[in-house]
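Notes follow the structure.
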């Protein structure tokens, strides 16, 4: 931007050379055309910002080179056409001073964008923003020039116009739509699976918008469905938990009674999420199946179970496959300090 503009021109058979400097309003140009600048633009009827004339006293057959400097363009930002006209022939140079680029990333609510100048510094101010899809998104000087662009009803890629203090450049932008994804981690401690006792299933949901972690407060109507099945009659028993409280960084714990001959437990977590950009409600469901080791057909199986019996005390139980105590059984326990 602070560099001086210098052009060299090869001249032959020219006695009078006319030099015209045209300065273009880039914002108006790109709003009308939304296309790259046309270097063959017809300048007839346009008034030059500056004009000057230079005469030569050289033989018509001698070709020579001349250098032209334009100190009036130093420190300016914009798009300029410098046209040379002599002996019915014209030549032009396109001079672009300054540069704007777009930096953006998706967030939970929408795109967070910044406009950078030629020195990679963030542009800010009342005359800084982005024209995209017929709308203007202004930068926020109080938030370091950030520009917020909400998600649209569908993915849309098109040209955009970057504007800063009267200077504009054409860019490309792809606006995303809200894409939700639900991931759920579930855990059942198999040592709690004892006949007649209560066991707990720990559930930790995670919600994502365009691969960014979102608040679980967006989840509506959460529900847990727990189905148990034994290996005798194979009849599923289902229980639904409607009063589920979902909070960030907090597990969901569902307790259930261990029935006789339990073979497997299936847990389903379902919920709804409001998609604001599409004005629709999306439903999600994630499930996990826990297979219980029954040792069916083996009458001699024994297992050790660790159970907390006091605040700092634990007991080891030796039980059979149906939870019955196995007495007169020798157990070896190694204690590590």
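The values are calculated or read from the model by the stated rules, or taken from the named source; none is laboratory data. Owing to the predicted nature of the structure, the values given are computational and were not obtained by experimental measurement. Please note: Cβ atoms are built from the backbone with ideal geometry, for glycine as well, and neighbour counts cover all protein chains shown.
The table for this structure:
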quantity: Any hit, the range 318-329, residues being loosely packed, with under 14 Cβ neighbours inside 10 Å, closer than 27 Å to residue 186 by Cβ and not assigned by TED's automatic domain parsing to the domain that holds residue 208; calculated: yes
quantity: Residues of the range 16-33 classified as modelled with pLDDT of 90 or more and either over 50 Å from the mean Cα position of the chain (by Cα) or assigned to a loop (DSSP other than H, G, I, E, B) (or both), total; calculated: 3
quantity: Any pair with Cβ under 7 angstrom, 6 or more apart, that starts in the range 54-75 at a residue that is more than 29 Å from residue 97 (Cβ to Cβ) and ends at one that is loosely packed, with under 11 Cβ neighbours inside 10 Å; calculated: 63/10
quantity: Single condition residue 301 does not satisfy, out of (1) modelled with pLDDT of 85 or more; (2) surrounded by 11 or more Cβ atoms within 10 Å (Cβ to Cβ); (3) over 30 Å from residue 175 (Cβ atoms); calculated: (1)
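Results for (1) assigned to a strand (DSSP E or B); (2) in contact with a strand residue (DSSP E or B) (Cβ under 9 Å, 6 or more places away or on another chain); (3) surrounded by 14 or more Cβ atoms within 10 Å (Cβ to Cβ), shown as yes or no for each residue.
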residue: 111; (1), (2), (3): yes, yes, yes
residue: 114; (1), (2), (3): yes, yes, yes
residue: 118; (1), (2), (3): no, yes, no
residue: 137; (1), (2), (3): yes, yes, yes
residue: 142; (1), (2), (3): no, no, no
residue: 158; (1), (2), (3): yes, yes, no
residue: 163; (1), (2), (3): yes, yes, yes
residue: 168; (1), (2), (3): yes, yes, yes
residue: 172; (1), (2), (3): yes, yes, no
